[in-house]
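In what follows, a structure is listed as structure tokens, so that the remarks can point back to it.
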Amino acid sequence: MDLRCSDSTPCHDQKANSVSTPSSEPLRPGDLISDQAGGNSASKSKPTVLAGHAPSSVPAELEPQACGVAGLNSESSGGSGNCDASTGESLLGDREVSQQIGTQLKLLPMNDQIRELQTIIRDKTASRGDFMFSADRLIRLVVEEGLNQLPYKECMVTTPTGYKYEGVKFEKGNCGVSIMRSGEAMEQGLRDCCRSIRIGKILIQSDEETQRAKVYYAKFPPDIYRRKVLLMYPILSTGNTVIEAVKVLIEHGVQPSVIILLSLFSTPHGECSMTGHGLGAKSIIQEFPEITILTTEVHPVAPTHFGQKYFGTD
């Protein structure tokens, strides 16, 4: 794929690593917290949460057989993708995410539309057409909010009636990176919003002998070290694939603080009973405290069939 597209239509809206000021009133699951960081008069509300955790190291890969999970490319199997997920646990709201994972994980505000899309994607009886249609809609919502986290600047335009309008325009210097293969499902959603944005790719799979993460392919824009990165991976299960992808980006000069991980579904955290290693979104944040993760749902059981059903290989 030719990654050197025109950069004439950059897409961004606000600082990638801005954090909200905690509200004095108690929050309910799904509440939206306004982010006014940066002092810009055109700031918009961001979905965010309130508390953080100290960083710690996370292993590059877990033994899938030891944990009973799907391994690195967990979207290709039908397993739950979580070692010790309790059947009694349910999805987490903003407050629970804040307390258990950290401020770097941001949830889209929940509404009935998003809930229905999540339900169709999880429904094993849904047709592939309905599945793809719902997945593409949910991807678009996540991508739009991801772009809303990026920087912009004020500008003046003239309307057809001669009126001077003070607005904003997106700043240049951003790109997308998809983690193959399931991450490629999100590329079209990004291009629909940013027609000429540059998109890189990373292929990471588990080594057949060591069962550890191994990078087989990586291609980025040559100046990616100067760009903000929208990292695309729809199903965040163990977190190990994303951790390896971020390490590759760091090797190419990208700082974790300018990486926004776009994900549809995420598992929260926990420990594998066999290894004691961390899992899910928390493991990524522990490894890279400055990264931002944007998702629609945090639930102990992820729809790991996503990649297979989306690409018709189930």
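The values are calculated or read from the model by the stated rules, or taken from the named source; none is laboratory data. Everything numeric here is computed off the predicted structure, so don't read it as measured data. FYI the Cβ positions are ideal-geometry reconstructions off the backbone, even for glycines, and counts take in every protein chain you see. Only protein heavy atoms, including side chains, enter the accessible area calculation; ligands, DNA and RNA are left aside. Shrake-Rupley method; radii C 1.70, N 1.55, O 1.52, S 1.80 Å.
So here's what we get for this one:
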quantity	calculated
Residue-count net charge about Arg115 - beta-carbon cut-off 11 Å; Lys, Arg +1, Asp, Glu -1	-2
Farthest toward positive dipole pole in region 100-311 [+1 Lys/Arg, -1 Asp/Glu at C-beta], among Gly173, Asn240, Ser283	Gly173
Selection from Ser182, Gln205, Gly162 lying farthest towards where the dipole of region 137-235 points positive, charges on Cβ	Gly162
Heavy atoms of Met110: accessible area, 1.4 Å probe, square angstrom to 10	70 Å²
List Thr103, Thr210, ordered by accessible area with a 1.4 Å probe, largest first	Thr210, Thr103
Computed accessible area, Arg181, all protein chains, 1.4 angstrom probe, square angstrom	110 Å²
Accessible area of Thr158 in the full protein assembly, 1.4 Å probe (Å², nearest 10)	80 Å²
Segment Asp314-Arg191, length gained on full extension (0.36 nm per residue, minus Cα span)	41.7 nm
Region 193-314 - Rg and Dmax from Cα coordinates, angstrom	14.8, 46
Whole-Hz couplings from phi, Karplus 6.51/-1.76/1.60, listed for region 231-246; x for Gly and Pro	8, 10, 7, x, 10, 9, 9, 7, x, 5, 4, 5, 4, 5, 5, 5
Probe 1.4 Å, accessible area per residue of region 100-311, Å²	41 Å²
Amide H partners (placed H, <5 Å) of Gly176, local residues excluded	Arg198, Ile199, Gly200, Leu230
Calculated from backbone phi, Karplus (6.51, -1.76, 1.60) coupling profile of region 195-209 in Hz, x at Gly/Pro	4, 10, 5, 7, 10, x, 9, 9, 10, 10, 9, 7, 5, 4, 8
Computed magnitude of the charge dipole of region 100-311 (debye, nearest 20; Cβ of K, R +1, Cβ of D, E -1)	520 debye
Formal net charge of residues neighbouring Val248 (Cβ-Cβ distance under 13 Å; K, R +1; D, E -1)	+2
Region 100-311: mean projected area of Cα convex hull, nm²	14.3 nm²
